[in-house]
1. Of Thr380, Thr163, which has the most accessible area with a 1.4 Å probe, and how do the rest follow in descending order?
2. Which order do Lys457, Lys170 take when ranked by solvent-accessible area (1.4 Å probe, heavy atoms of all protein chains), largest first?
3. What does the charge count near Lys240 come to, summing +1 for each Lys or Arg and -1 for each Asp or Glu among other residues with Cβ under 11 Å from its Cβ?
4. With an 8 Å Cα cut-off and a minimum separation of 6 or more residues, compute the relative contact order for the stretch 217-313 in percent.
5. Between Thr450 and Lys533, with labels modelled 7 Å along Cα→Cβ, what's the label distance in nm to one decimal, could you check?
6. So between Ala363 and Tyr179, what do we pick up on full extension, going 0.36 nm a residue minus the alpha carbon distance?
7. Exceeding 21 Å between C-alpha atoms, which entries from my cross-link table qualify? They are Lys112/Lys133; Lys437/Lys476; Lys437/Lys518.
8. Working out 0.36 nm times the residue gap between His191 and Met464, then minus their Cα-Cα distance, what length gain in nm do you get to one decimal?
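The values are calculated or read from the model by the stated rules, or taken from the named source; none is laboratory data. What you see is a predicted model; the values in this text were computed from it and never measured. When we count neighbours, we look across all protein chains shown, and the Cβ atoms used for this are built from the backbone with ideal geometry, even at glycine. Side chains included, ligands, DNA and RNA excluded: accessible areas come from the protein's heavy atoms. Shrake-Rupley method; radii C 1.70, N 1.55, O 1.52, S 1.80 Å.
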Amino acid sequence: MKMQSKKYSIFHIRYSICLLVLSLSTTIAFAQKDTTKKGTTIDITSSYKPVLRNAVKINFAASQLNADTGKPKMNYVVPAQNLFYSYQPISLKPLALQQDTNLYLGMRNYLKVGFGNFSTPYVSAGFSFGDAKTSLLNVYADYISSKGKIKYQDYSQLNLKATGSYFTAKNEAYGSVNYSQNDVYLYGYDHALYNYKKDSVRNQYQDLMLKAGIRNTVVGDFGIKYNPNVQVNIFTGKNKLSESSLIITAPLEKQFGEAMAIKVEGRADITSYTTKDLTSNVKITNNVFQVAPALTFASPQFTINAGITPTWDNGTFIWLPNVYAEVQVKEKVFMIQAGWVGTYTKNTFRNLVNINPYLQTIAAQKNTKEIEYYGGIKATLGKHFNFSAKAGLISYTDIPLFINDTATDNKSFKVVYESKANNFRVHGDLSYISQDKFTVTAGLTLNGYTGFNTNGKAWNTVPMEFTSSLRWWAFKQVLLKGDFYMFGGGNYLAKGNTSKNFSGGTDLSAGMEFKVNKTFSAWLDVNNILNNKYQRWHNYEVYGLNVLGGVRITF
């Protein structure tokens, strides 16, 4: 028993030693000593392969969104549609023309015919050709005549006009032709004392105007704007009167940046006037040449124009000021303006007849120089209401006045000139504009003439004028309109060289236009509703209440 235990122990020891030797041998097989390295290091070589984990895909479940049935609230802020002009105000002396209030039907050609009391036929037509992109031609014609209750209180007026333009990539060539014939009769005499034949009191005037020019529509690399044009006027009248004018205008403008510009305008106005059927015929030349350089500066706060206008009036040199400024106290709300400006007005027979059609043939022409110092304001209240006011002191040299020919039958007017005179003028206007549906305008002018020496008074001028107009698109098919004119009385020279006053006058007119369909519309005008038979020119009474109506065809 002991012998077996001893044998077991020896066996166990041998087994353990063999197991230890086997373990060391295995370790030495995997680990070798590197004798090239300092110290003792062990290199372990092991194979490793990285493996990504399987990705999990996210599944989206689509669902329909609920519709938004709520109405969005949109607040629009529309600024006031007002314009503030920075150009120089000039003195205007227009005729009392009727405003074109034709109902626009969206078509380019129309024919308007009508008839009224005082045996008044009326015809007006307009035609348009071209695509307005490369060319455009408009042709107009109108005719009206009337016969009043006073003997020879008649008149007729014919106008023919054509305007055209041809467009290129950078320029527009334009031109126009205008012919008019006006027949007026000198009925302002005492019919109990004089008995004239109709032809002997007729003043018939023909006026032909030709104009052509070219202007750039795109500013080139040099930043220059140009618009040279030529105009020819040929005016003829009774007693083989003939007057022709050639007007050449050449304006240039060079822009420097967005604020500063230099402007230069040359102008030549050459007139020849002759008569051939008078006891003492005349031949007159009336020439005016001007060069107008100016420097302008414009910013959102203010605008300044500084310039002079050297002028040669029939060989006499004079320089005219051209200085004005506008300052915005509050942008697009309140503006202050002031200026010192001068102008020359040519008193050709054509221009004088446009003021007073009852003139006798003139034997001389003088041009009027005006120098004005003025100041004023412009303002906008709210989105629709605008007003302006201006006061100025004007000095005149050779201002024309009209007096009755008291030496004969008193039926025609002579032109006399006042060498020096002054006028303190106050002008104001206001307007209320609501889109193109409702418009009201009004203007008031007050004249205070002083300093007359050659003439005792400012003959046949008016100290006050008031005008107003209303246009209302009451419905989609109906246009309502109204006009009011009023003037204050002045002075005229009666026989014996005595000064007398003439009364003022008022003229109220109303009308309407009704669109039947796209082609036809009906219109009606009622003039001088108050039946005020005033005399703007002494001895020449106007028509009373008159009614004119008809139809308009658009195609």
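1. Working: Thr380 10, Thr163 40 Å².
Descending order: Thr163, Thr380.
2. Values: Lys457 90, Lys170 125 Å².
Largest to smallest exposure gives the sequence Lys170, Lys457.
3. Details: positive: Lys238, Lys276; negative: Asp277.
With Lys, Arg at +1 and Asp, Glu at -1, the net is +1.
4. Working: 210 pairs, mean separation 20.4, N = 97.
Result for the stretch 217-313 is 21 percent.
5. So the label points at Thr450 and Lys533 sit 4.0 nm apart.
6. On the way: separation 184, 0.36 × 184 = 66.24 nm, distance 2.54 nm.
Taking Ala363 through Tyr179 to full extension adds about 63.7 nm, to one decimal.
7. Values: Lys112/Lys133 28 Å; Lys437/Lys476 9 Å; Lys437/Lys518 19 Å.
Violating the 21 Å limit, Cα to Cα: Lys112/Lys133.
8. On the way: separation 273, 0.36 × 273 = 98.28 nm, distance 3.14 nm.
Full extension from His191 to Met464 adds 95.1 nm.
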